[in-house]
Amino acid sequence: MEVLEIVKNSAFFWVMVTVGGFMMGSILNRKFKTVIFNELLMSVVVVILVMKLTNTEYTSYMEGGKYIGFLLTPATAALGVKLYKNINEIGKNAVPIIGGIIMGMLTSLTSMLVVAKVFNLVATQYATILPKSITAAIAKGVSESLGGHVAITTATVILTGVIIGVFGKYLVKVFKINDQIAMGVSLGCSGHGQGTALALRQSETAGAVASLSMCISALVTVIAAPLWFNFTT
């Protein structure tokens, strides 16, 4: 039992569990070619299972998990390289890109309003799910400012990313989105980081546009979400 306590309180152990789950998903995804083995989904499942089996608190996991989170900043900054390489293509399509981002934001906010009305959610619950389509770091701040439950907001953002990561490729095919610009905007606005990662797998142009859409929609949502929330409650 002493050994187990030492292991589960080790930051290195939880880094390895998280990375191991992601690598397992990647290997299984390539082998079986099925959406079930999405890397992020597998990583989440593995971490939860190990935490349950070892009876580990979230705070203990974050001793290692915070290092994974730290890497998100340089990874996001690295997307600027793709933007720079595709700046001419983005400039030529600036109007449809901005229009797509606006429509994507309105669709996200409206869909959450519909959910709130259908399920008769109170203001706190509505505020919790409202920023579900933007990156977690910003979504938590928006949720907190509106009086939502930050922990549940984080889970909602992750779930949104997983859904887009798993089904985004098929949704693009179903709606026949062949244009790389349109694909990038739709995936970036709806699936934040996971949508951008998926777009990068389709093409460099789609990935660049997705990263731009993710960043702009997140920044504008900081202003738009409180106004929308006050207007609709």
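The values are calculated or read from the model by the stated rules, or taken from the named source; none is laboratory data. Note that the structure is predicted; figures quoted are calculated from it, not measured. Please note: Cβ atoms are built from the backbone with ideal geometry, for glycine as well, and neighbour counts cover all protein chains shown. Note: areas computed on protein heavy atoms with side chains; ligands, DNA, RNA excluded. Shrake-Rupley method; radii C 1.70, N 1.55, O 1.52, S 1.80 Å.
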Taking only C-alpha positions in the stretch 26-107, Rg and Dmax in angstrom work out to 19.0, 54
With each pseudo-label sitting 7 Å past Cα toward Cβ, what's the N230-S111 distance in nm, one decimal? 2.7 nm
Carbon plus sulfur fraction of accessible area for the stretch 1-158, probe 1.4 Å, in percent: 71 percent
Can you list the lysines whose alpha carbon sits under 27 Å from that of K117, skipping same-chain ones fewer than 8 residues off? K132, K140
Sort K176, K8 by accessible area with a 1.4 Å probe, largest first. K176, K8
Just to verify a number: what accessible area does L4 come out at with the full protein assembly present, 1.4 Å probe, Å² rounded to tens? 70 Å²
In nm, to one decimal, how far is the F32 label point from the Y84 one, both placed 7 Å along Cα→Cβ? 4.1 nm
Among all the lysines, which ones have a C-alpha under 20 Å from K92's C-alpha, if same-chain residues fewer than 8 places away are not counted? K82
Determine the per residue accessible area of the chain with all protein chains present and a 1.4 angstrom probe, expressed in square angstrom. 57 Å²
Alpha carbon centre of the stretch 200-233 versus the stretch 1-74: separation in Å? 28 Å
So how far apart, in nm, are the two label points at R201 and I98 if each is 7 Å from Cα heading toward Cβ? 3.3 nm
Would you calculate the volume per residue, in Å³, of the smallest convex hull containing every Cα atom of the stretch 61-152? 111 Å³
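What ranking do 179-190, 196-207, 64-75 get when scored by the average of other Cβ atoms within 10 Å per residue, highest first? Don't jump to the answer; show the numbers that get you there.
Working: 179-190: 25.5, 196-207: 21.4, 64-75: 12.6.
Highest-to-lowest ranking by the protection proxy: 179-190, 196-207, 64-75.
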